[in-house]
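One structure below.
Laboratory data are not the source of any read-out in this text; all were calculated from the coordinates shown. Since this is a predicted model, take the numbers as computed values, not measurements. Neighbour counts run over all protein chains shown; Cβ positions are idealised from the backbone, glycine included.
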Amino acid sequence: MSDIVLEEKAGFLWITLNRPEVRNALSRDVNTKLADIAADIDQRDDLRGVVITGAGDKAFCAGADLKERKGVSAAETAPYVNAIAAAIESIAALKQPTICLMNGSAYGGGLELAMACDFRILVEGAEVGLTEVKLGIMPGAGGTVRMPRLIGEARAKELIMLGRRIPAARALEIGLVHQVVPRDKLRAAVDGLIAELAACAPVSVTSAKASIERSYGKGLEESLSIEHECYERTLFTEDRDEGLAAFAEGRPPRYQGR
Ligand code: COA
């Protein structure tokens with residue numbers, strides 16, 4: 001069985017980390033495959049979105065494969081760590097909306113991967129944490145950058161500098177995840193989100209995502225210019241005409257993604 005399983009359903013690509021026996025830890029092989037998969041997705045204009053999840057019910061992802069890393073020589077350490085960061089960045093850079101369906105706990109690189117997605121749905125009873133400082137390292141795949149953006153600097157310092165693991169309810173309270181649901185409602189929660197996304201015009205969604213991503217942290221003038229540029233992509237689409245026509249005719253729009 002492959003350590004990553006791909007499945008395409010109704011325009012969404014499901015990526016399942018499939019190493020439940022090691023809590024879906026990110027091995028060298030998994031990182032390489034994730035980056036390759038992201039490169040393929042980037043070429044696909046027909047894909048409406050991506051769902052990333054993990055096999056089993058113990059963990060979404062326990063982060064870097066600590067057993068494999070133990071055997072990595074000093075000379076190979078930097079490239080090894082860079083490969084995790086590159087894999088996670090390739091997911092963050094996807095133009096399509098990304099949903100992390102967190103079927104269990106997420107630590108270290110597992111939480112960094114989740115934070116690189118646009119939406120996070122976490123199963124009740126799970127916990128999350130950037131535990132790296134407890135392991136003599138620090139987050140190195142976007143954790144110290146994305147977490148403060150998501151939950152603010154004060155809370156991010158608390159979680160990162162203390163390597164704290166927090167329960168799902170707290171993750172929801174501080175805005176680290178969008179939803180916390182019981183295990184038997186996970187599928188319905190992700191299906192609901194997919195249906196909401198599917199009802200929106202694809203070019204509008206990807207353009208809005210690009211505007212948010214590209215303008216973050218920039219000055220007002222530059223940000224507004226980026227927004228303007230992204231907005232222009234929606235201006236001459238058939239979907240824009242369809243949206244206006246559907247509104248005028250009082251019917252749901254049928255978007256084609258062009
Ligand atoms: N890398 C490699 N193997 C890992 C792993 C990781 N990050 N996390 C867990 N595993 C392995 C364990 O070594 C164990 O292997 P074994 O059966 O050969 O002993 C197996 O997965 C199950 O782990 P276990 O701890 O027994 O399961 P659990 O369900 O009780 O706990 C975790 C799961 C994820 C809570 C716990 O393993 C853990 O805290 N892992 C470290 C998470 C972490 O700090 N990651 C940050 C990395 S930078």
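Are any residues in the stretch 133-163 charged (D, E, K, R) and within 16 Å of the ligand (Cβ to nearest atom), and if so, which ones?
Quick first cut of the stretch 133-163, residues charged (D, E, K, R) only: 134, 146, 149, 153, 155, 157-158.
Result: K134, R146.
So D118 clears everything in (1) more than 30 Å from K185 (Cβ to Cβ); (2) of a type outside the set (S, T, N, Q); (3) buried (at least 19 other Cβ atoms within 10 Å of the Cβ) except one condition, right? Which one?
(1)
Can you name the number of the only condition in (1) under 21 Å from G11 (Cβ atoms); (2) touching a strand residue (DSSP E or B) at 6+ places or on another chain (Cβ under 9 Å); (3) crowded, with 17+ Cβ neighbours inside 10 Å; (4) among the hydrophobic types (A, V, I, L, M, F, W, C) that V203 fails?
It fails just one condition, (2).
Out of L113, L130, L94, L101, I need the residue that is within 14 Å of the ligand (Cβ to nearest atom) and either more than 16 Å from R164 (Cβ to Cβ) or surrounded by fewer than 21 Cβ atoms within 10 Å (Cβ to Cβ) (or both). Which one?
Being within 14 Å of the ligand (Cβ to nearest atom) and either more than 16 Å from R164 (Cβ to Cβ) or surrounded by fewer than 21 Cβ atoms within 10 Å (Cβ to Cβ) (or both) holds for just one of L113, L130, L94, L101, which is L113.
What's the total number of residues in the stretch 30-47 that are farther than 13 Å from L6 by Cβ, of a type outside the set (S, T, Y), more than 16 Å from the ligand (Cβ to nearest atom) and assigned to a helix (DSSP H, G or I)?
Quick first cut of the stretch 30-47, residues farther than 13 Å from L6 by Cβ only: 31-32, 35, 39, 42-43, 45-46.
Checking the rest, the ones that are also of a type outside the set (S, T, Y) come to 31, 35, 39, 42-43, 45-46.
Of the ones still in play, those that are also more than 16 Å from the ligand (Cβ to nearest atom) are 35, 39, 42-43, 45-46.
Filter once more, so that each one left must be assigned to a helix (DSSP H, G or I): 35, 39, 42.
Counting residues in the stretch 30-47 that are farther than 13 Å from L6 by Cβ, of a type outside the set (S, T, Y), more than 16 Å from the ligand (Cβ to nearest atom) and assigned to a helix (DSSP H, G or I) gives 3.
Looking at E153, E127, E158, E68, can you tell me which residue is of a type in the set (D, E) and closer than 21 Å to S27 by Cα?
On the way: E153 fails: closer than 21 Å to S27 by Cα; E127 fails: closer than 21 Å to S27 by Cα; E158 fails: closer than 21 Å to S27 by Cα.
Testing whether each residue is of a type in the set (D, E) and closer than 21 Å to S27 by Cα leaves just E68.
Restricting the stretch 27-38 to residues that are under 15 Å from the mean Cα position of the chain (by Cα) and crowded, with 21+ Cβ neighbours inside 10 Å, which is farthest from R69 (Cα to Cα)? Let's see the steps before the verdict.
Let us first name the residues in the stretch 27-38 that are under 15 Å from the mean Cα position of the chain (by Cα), namely 31, 34-35, 37-38.
Those left that are additionally crowded, with 21+ Cβ neighbours inside 10 Å: 31, 34, 38.
Values: N31: 13, L34: 18, A38: 23 Å.
The extreme case among them is A38.
Could you please tell me which pairs satisfy a Cβ distance under 6 Å, a separation of 6+ or placement on different chains, a first residue in the stretch 206-232 that is over 16 Å from T98 (Cα atoms), and a second residue that is surrounded by fewer than 16 Cβ atoms within 10 Å (Cβ to Cβ) and of a type in the set (F, W, Y)?
Once the first residue is over 16 Å from T98 (Cα atoms) and sits in the stretch 206-232, no partner that is surrounded by fewer than 16 Cβ atoms within 10 Å (Cβ to Cβ) and of a type in the set (F, W, Y) comes close enough.
Among the listed residues I226, I212, I194, which satisfies the condition of being at negative phi and either loosely packed, with under 15 Cβ neighbours inside 10 Å or not in a helix (DSSP H, G or I) (or both)? Explain how you work it out, then say what you get.
Details: I226 fails: either loosely packed, with under 15 Cβ neighbours inside 10 Å or not in a helix (DSSP H, G or I) (or both); I194 fails: either loosely packed, with under 15 Cβ neighbours inside 10 Å or not in a helix (DSSP H, G or I) (or both).
Just one listed residue meets the conditions, I212.
Only helices (runs of 4 or more DSSP H) wholly contained in the stretch 48-129 count here; list those with 2 or more residues that are free of Cβ contacts under 8 Å to residues at least 40 places away in the same chain and over 24 Å from L172 (Cα atoms). Can you show your working first?
Values: elements: 66-70, 74-92, 109-115.
Per the criteria, 66-70, 74-92.
Looking at (1) more than 10 Å from the ligand (Cβ to nearest atom); (2) within 13 Å of the chain's Cα centre (by Cα), can you tell me which one V123 breaks?
(2)
If you take the residues of the stretch 48-78 that are away from the ligand (no atom under 15 Å from the Cβ) and either of a type in the set (G, A, S) or closer than 13 Å to P20 by Cβ (or both), which of them is surrounded by the most Cβ atoms within 10 Å (Cβ to Cβ)? Walk me through how you get there before you give the answer.
Going residue by residue through the stretch 48-78, those that are away from the ligand (no atom under 15 Å from the Cβ) are 48-53, 73-76, 78.
With the extra rule that they be either of a type in the set (G, A, S) or closer than 13 Å to P20 by Cβ (or both), the set shrinks to 49, 53, 73-75, 78.
Numbers: G49: 24, T53: 22, S73: 7, A74: 6, A75: 8, A78: 11.
Out of the qualifying residues, it is G49.
Among the residues of the stretch 182-191, which ones are in a helix (DSSP H, G or I), surrounded by fewer than 15 Cβ atoms within 10 Å (Cβ to Cβ) and either among the hydroxyl-bearing types (S, T, Y) or touching a residue at least 24 places away in the same chain (Cβ under 8 Å) (or both)?
Matches in the stretch 182-191: R183 only.
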